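The values are calculated or read from the model by the stated rules, or taken from the named source; none is laboratory data. From a predicted model like this one, the values you see are computed outputs, not experimental measurements. Glycine also receives a Cβ, built like all others from the backbone with ideal geometry; neighbour counts cover every protein chain displayed.
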Amino acid sequence: MNLSEALEFIHATSWQGSRLGLERIRSLMELLGDPQKKLRYIHVAGTNGKGSICAMLSEVLTRAGYTTGLYTSPHLFRINERMKINGADISDDELARLAEQVEPFVEKMADQPTEFERITAMALLYFQQKHCDVVVLEVGLGGRLDSTNVIDAPDAAVITNIALEHTEVLGDTLAKIAGEKSGIIKPGADVILSAQTAEVEDVVRRTCKERGCALRVTDPTAEKLRVCGLDGQTLDYRERKGLRLRLIGDYQYKNVTVALDTVDVLNERRGYEIPESAVRAGLSAVIWPGRFEVLQRDPLMLVDGAHNPDGVTELSKCLREYLPGRKMTLLMGVMADKDYADMICMMAPFANEFVAVTPESHRALPAEELRVKIEALTGIPARCGGDVKSGLAMAMAGKGPKDIVCAFGSLYQVGEIRAYFGRTD
């Protein structure tokens with residue numbers, strides 16, 4: 001099987017969309033010999049911040065000497081990005097080999113696995129075959145019924161910030177969504193929770209008590225941001241002082257507190273020894289594309305994967321902090337099932353104009369529909385940019401050194417935007 005055939009196998013059921021439930025993935029993993037049972041995990045769920053926290057933990061563990069698998073979604077440029085070992089994407093040949101290995105078992109199943117279930121199975125098999133010491137595993141959607149929850153108890157179950165999202169699937173209250181995401185908590189796991197609303201914390205605390213799991217909640221009063229700029233930030237957390245982080249944005253230094261508490265919890269478990277040197281070196285080196293990322297300085301081009309009101313709230317905080325009082329061109333593309341009206345209104349104070357684009361996804365809202373909605377809600381001029389590449393060219397045309405363009409609205413457009421500026425790392 002070559003790469004093209006492997007991708008055809010992976011995407012064969014993409015038309016079905018997301019179908020939550022563990023029956024198919026359990027059946028497939030059993031047919032494969034349950035490779036997931038031979039690995040140790042850090043399982044990460046939440047609404048926003050999952051990817052950044054996973055990247056931080058992976059970098060720190062790798063620098064501590066562990067062979068570290070990292071599974072995230074969605075990818076920005078190539079599907080290979082979803083499976084990494086020690087920071088390196090899976091190769092095309094390995095991806096094709098795994099697809100060829102998994103396909104015969106999929107064909108035996110009457111209820112065919114979804115696209116995400118196929119990728120998840122391939123990733124878990126890959127990490128087992130490469131003898132990973134630990135796998136940092138990002139939940140795709142929710143937690144309780146997500147395919148990644150096919151694993152047994154992780155060493156650490158991490159729950160990041162929770163906000164209203166996918167309410168038609170996960171529930172229409174924070175408590176219901178927290179209950180779904182708390183599904184990754186299993187007896188034997190230590191739990192790390194990002195401090196947030198009492199409604200969410202109560203659900204997680206109750207779940208931990210029911211399942212006999214120790215809980216650590218981050219301490220916002222112990223955070224101190226010392227220096228921040230477009231080149232990075234320096235912060236203190238608890239007894240650690242002067243931590244350097246290349247990632248920028250208010251939400252990133254909140255994410256780092258989750259990663260640090262997870263490291264401390266792991267160090268208290270038997271089998272982990274993560275030195276402070278690995279913590280500092282890992283955090284200072286970690287890169288997570290598409291999170292308030294500077295792609296160009298003249299004119300200034302920013303891209304952020306904020307794709308829901310909670311993420312846009314954090315993006316707006318960053319713009320106020322890093323670029324106070326500045327107006328800019330906002331390049332926006334969204335999925336039709338997102339709460340894009342709120343996102344538009346939240347970003348309107350920063351805009352002198354919008355350029356609406358259509359991300360490459362069957363779920364995308366057409367650019368012209370978005371343009372009409374923007375002007376109706378805000379009265380701010382909006383142009384229809386068509387596809388992402390055309391919209392970028394429109395947004396950048398005629399811009400000078402003092403101008404700013406900021407792209408946001410969907411992770412599905414981040415890869416194409418980065419590639420436009422020659423960034424495919």
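Okay, here's what the table says:
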quantity	calculated
Residue under evaluation A163, criteria (1) modelled with pLDDT of 90 or more; (2) within 20 Å of Q252 (Cα to Cα); (3) not acidic (D, E), criterion not met	(1)
Residue satisfying all of: in region 122-148; within 16 Å of K181 (Cα to Cα) and surrounded by fewer than 21 Cβ atoms within 10 Å (Cβ to Cβ); modelled with the lowest pLDDT among these	L141
Those residues of region 320-337 which are buried (at least 21 other Cβ atoms within 10 Å of the Cβ) and not small (G, A, S), in sequence order	M328, T329, L330, L331, M332, V334
Region 336-365, residues that are touching a residue at least 40 places away in the same chain (Cβ under 8 Å), within 17 Å of K389 (Cα to Cα) and of a type in the set (A, V, I, L, M, F, W, C)	V355, V357, A364
From the options G282, G271, G290, residue that is in a loop (DSSP other than H, G, I, E, B) and farther than 26 Å from Q413 by Cβ	G271
Residue that is in a helix (DSSP H, G or I) and among the hydrophobic types (A, V, I, L, M, F, W, C), where the choices are V191, V204	V204
Selected residue [touching a helix residue (DSSP H, G or I) at 6+ places or on another chain (Cβ under 6 Å) and of a type in the set (K, R)] from K327, K317	K317
Residues located in region 349-365, provided they are in a strand (DSSP E or B), in contact with a Ser or Thr (Cβ under 9 Å, 6 or more places away or on another chain) and modelled with pLDDT of 95 or more	A351, N352, E353, F354, V355, V357
Residue count for region 127-160, restricted to those that are part of a helix (DSSP H, G or I) and either small (G, A, S) or not assigned by TED's automatic domain parsing to the domain that holds T257 (or both)	1
